[in-house]
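Note sheet for the following structure.
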Amino acid sequence: MNTLLKKYVSKLSSQGLADEGHVILMALDDDIYSLRGASADPGSIISSKLERVFDKMNINSLLYAIPSEPYRSILEGLLDREDVASEPDVIMPQDCETRTFLHDIPVINEARSSLISNALSSRKAAIIRQGPAIVSYGSVSPEQAFISYSSVCFSTYVKYFFDTLNYLKSCSDTSMKPSEHILEQLRTIRSKDRKKYASIHDNSGLITGQPADYKSERTMMIEAGRRLVTDGLVDSFFGNISSLTNGRIMISETSSSLDELEEAIDEVPFDGSSSVGITASSETSTHKRIYEKTGYDKILHGHPRFSVVMSMYCTERCDHRGECYKDCPEERYMSGVPIVPGEVGTGPTGIESTVPDAFKKSDAVVVYGHGVFCAGSSDFNGTMRRMTDIEEQSRTEYDRVLDELLEKCAAA
């Protein structure tokens with residue numbers, strides 16, 4: 001059990017989500033095993049409170065951590081916002097990951113066992129004001145606690161930067177001076193975010209050329225999946241990767257960690273003649289339809305943060321507010337890439353219906369509040385560069401819009 005705890009504490013650190021010294025991860029086997037960073041728990045006070053949560057809930061693991069920057073400052077910024085101050089018990093991001101996985105994020109004031117167990121009785125994770133920190137649990141394994149924690153980091157990141165644009169747009173439209181406190185927080189967070197972003201990208205190439213056989217195809221997918229994670233193009237376990245060869249789709253399994261695909265790739269017959277792919281990604285049908293409508297044989301799907309933020313930012317006035325993620329009549333583009341609505345899954349508003357046709361216009365598609373699909377041929381070099389370029393262009397566009405709004409607010 002200690003080996004498993006060390007694995008996920010290490011993943012939190014390597015993915016820039018929390019420093020090991022600020023993490024407490026507990027798991028229940030024959031006893032409660034704990035891996036505790038000294039900075040997270042001076043005097044073992046928090047650990048004793050976390051242990052009592054196991055008495056109140058039927059859980060396998062519990063994770064408490066103070067996030068690394070910029071996530072820590074982002075939590076502080078969100079907790080200062082008026083909408084959270086007026087509704088102190090919950091934060092409601094609008095991205096797809098939150099809608100399908102978290103729903104909303106409870107906020108509690110301190111790491112008391114009763115407050116934690118009450119918040120986690122209906123949600124997978126919660127934010128603790130004191131710290132600030134994030135607490136999450138797993139009912140089967142520590143992996144689940146890690147997934148929920150990283151999802152909160154992603155969703156609050158997207159919410160902060162999205163809400164900031166809307167706040168400044170509102171100030172600009174009403175000739176209201178923005179709060180100097182909020183502007184100072186923004187300057188700090190932008191600086192910390194740029195520093196982190198500049199350090200994560202790997203410019204080396206991936207394996208080149210069409211894979212020669214089944215083994216080399218798997219090796220190619222494993223390498224590309226790992227790079228999606230290390231380059232910050234996927235948070236948590238959300239995203240997928242596939243390759244089409246010889247009448248079958250090789251695709252990452254549902255809920256698989258893309259940096260650990262060695263035992264998590266399914267082989268699905270393209271004609272649907274077998275149910276062997278029952279554990280395959282929930283978006284297998286979307287991949288299949290993209291292949292059917294294009295000549296591509298490689299697909300990457302990730303959740304680059306600023307691509308998600310900018311897909312949600314729209315200044316059009318229409319009757320679809322609140323339903324944009326599944327029903328948007330506007331033809332929208334971002335850096336020449338189509339933005340489409342779409343819910344996870346099938347049906348008329350599912351991404352299986354909205355994404356494939358958009359590939360007639362581009363080799364990449366952005367799904368509102370969800371992420372980016374990129375398609376290519378032979379190997380994953382082109383798709384990886386394409387996704388990275390879309391994210392960098394989205395970040396540049398965000399900075400342009402933000403600076404423009406700041407100028408308008410200053411002139412008001």
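The values are calculated or read from the model by the stated rules, or taken from the named source; none is laboratory data. Values in this document were obtained by computation on a predicted structure and should not be read as measured data. Cβ sites come from the backbone with ideal geometry, for glycine too, and all protein chains shown count toward neighbours.
Taking the stretch 317-342 only, how many residues are out of contact with any Pro (no Cβ under 8 Å at 6 or more places or on another chain), at pLDDT 85 or above and not small (Gly, Ala, Ser)?
Qualifying residue count for the region: 7.
Can you find, within the stretch 258-308, the residue that is farthest from Tyr333 (Cα to Cα) among those that are assigned to a loop (DSSP other than H, G, I, E, B), of a type in the set (Gly, Ala, Ser) and at pLDDT 90 or above?
The extreme case among them is Ala264.
Quick check on my filter: what residues within the stretch 189-205 are part of a helix (DSSP H, G or I) and surrounded by 12 or more Cβ atoms within 10 Å (Cβ to Cβ)?
Ile189, Arg190, Ser191, Lys192, Asp193, Arg194, Lys196, Tyr197
Of the numbered conditions (1) touching a strand residue (DSSP E or B) at 6+ places or on another chain (Cβ under 6 Å); (2) part of a helix (DSSP H, G or I); (3) more than 15 Å from Gly302 (Cβ to Cβ), Tyr398 satisfies every one except a single condition; which is it?
Just one mismatch for Tyr398, condition (1).
Of Arg400, Arg332, Arg305, which residue is among the basic types (Lys, Arg) and touching a residue at least 40 places away in the same chain (Cβ under 8 Å)?
Result of the check over Arg400, Arg332, Arg305: Arg305.
Cβ-Cβ distance below 6 Å, separation of 6 or more or different chains: which pairs start in the stretch 34-51 with a residue that is more than 21 Å from Leu4 (Cβ to Cβ) and end on one that is among the polar types (S, T, N, Q)?
If the second residue must be among the polar types (S, T, N, Q), the pairs left are Lys49/Ser113.
Quick one: in the stretch 234-253, of everything that is more than 14 Å from Arg218 (Cβ to Cβ) and under 23 Å from the mean Cα position of the chain (by Cα), which residue is surrounded by the fewest Cβ atoms within 10 Å (Cβ to Cβ)?
This residue is Phe238.
Checking Val158 against (1) crowded, with 23+ Cβ neighbours inside 10 Å; (2) in contact with a Leu (Cβ under 6 Å, 6 or more places away or on another chain), only one condition comes out false. Which one?
(2)
For Ser256, state whether it is surrounded by 21 or more Cβ atoms within 10 Å (Cβ to Cβ), hydroxyl-bearing (Ser, Thr, Tyr), touching a His at 6+ places or on another chain (Cβ under 6 Å) and under 26 Å from Asp389 (Cβ atoms).
Criteria not met by Ser256.
Report, by residue number, each residue of the stretch 239-260 that is in contact with a strand residue (DSSP E or B) (Cβ under 6 Å, 6 or more places away or on another chain) and either hydrophobic (A, V, I, L, M, F, W, C) or without any contact (Cβ under 8 Å) to a residue 40 or more places away in the chain (or both).
Ile241, Arg248, Ile249, Met250, Ile251, Ser252, Glu253
Suppose we filter the stretch 1-40 for residues that are closer than 26 Å to Ala198 by Cα, touching a strand residue (DSSP E or B) at 6+ places or on another chain (Cβ under 7 Å) and either outside the structural domain of Ser151 (by TED's automatic domain parsing) or among the hydroxyl-bearing types (Ser, Thr, Tyr) (or both); how many remain?
The number of residues fulfilling the criteria is 1.
Can you confirm whether Cys374 is within 23 Å of the chain's Cα centre (by Cα) and either under 30 Å from Asp173 (Cα atoms) or of a type in the set (Lys, Arg) (or both)?
The answer is no for Cys374.
Take the residues in the stretch 166-189 that are charged (D, E, K, R) and in contact (Cβ under 8 Å) with a residue 40 or more places away in the chain; name whichever of them is nearest to Pro93 (Cα to Cα).
Lys169
When you check Thr174 against the structure, is it surrounded by fewer than 16 Cβ atoms within 10 Å (Cβ to Cβ), over 14 Å from the mean Cα position of the chain (by Cα) and either among the β-branched types (Val, Ile, Thr) or assigned by TED's automatic domain parsing to the domain that holds Lys11 (or both), yes or no?
Here the answer is yes, as Thr174 does meet what is asked.
Under 8 Å by Cβ, and 6 or more places apart or on different chains, what pairs join a residue from the stretch 354-370 that is in the same structural domain as Tyr325 (by TED's automatic domain parsing) with one that is of a type in the set (Asp, Glu)?
From the stretch 354-370, the pairs are Pro356/Glu292; Gly369/Asp95; His370/Asp95; His370/Glu97.
Conditions tested, residue by residue: (1) crowded, with 19+ Cβ neighbours inside 10 Å; (2) farther than 13 Å from Ser136 by Cβ.
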{"position": "Asn2", "(1), (2)": "no, yes"}
{"position": "Leu12", "(1), (2)": "yes, no"}
{"position": "Ala18", "(1), (2)": "yes, no"}
{"position": "Val23", "(1), (2)": "yes, no"}
{"position": "Ala38", "(1), (2)": "no, yes"}
{"position": "Leu50", "(1), (2)": "yes, no"}
{"position": "Phe54", "(1), (2)": "yes, yes"}
{"position": "Ser61", "(1), (2)": "yes, no"}
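Out of the residues in the stretch 234-253 that are in a strand (DSSP E or B) and among the small types (Gly, Ala, Ser), which is farthest from Pro142 (Cα to Cα)?
Among residues in the stretch 234-253 that are in a strand (DSSP E or B) and among the small types (Gly, Ala, Ser), the one farthest from Pro142 (Cα to Cα) is Ser243.
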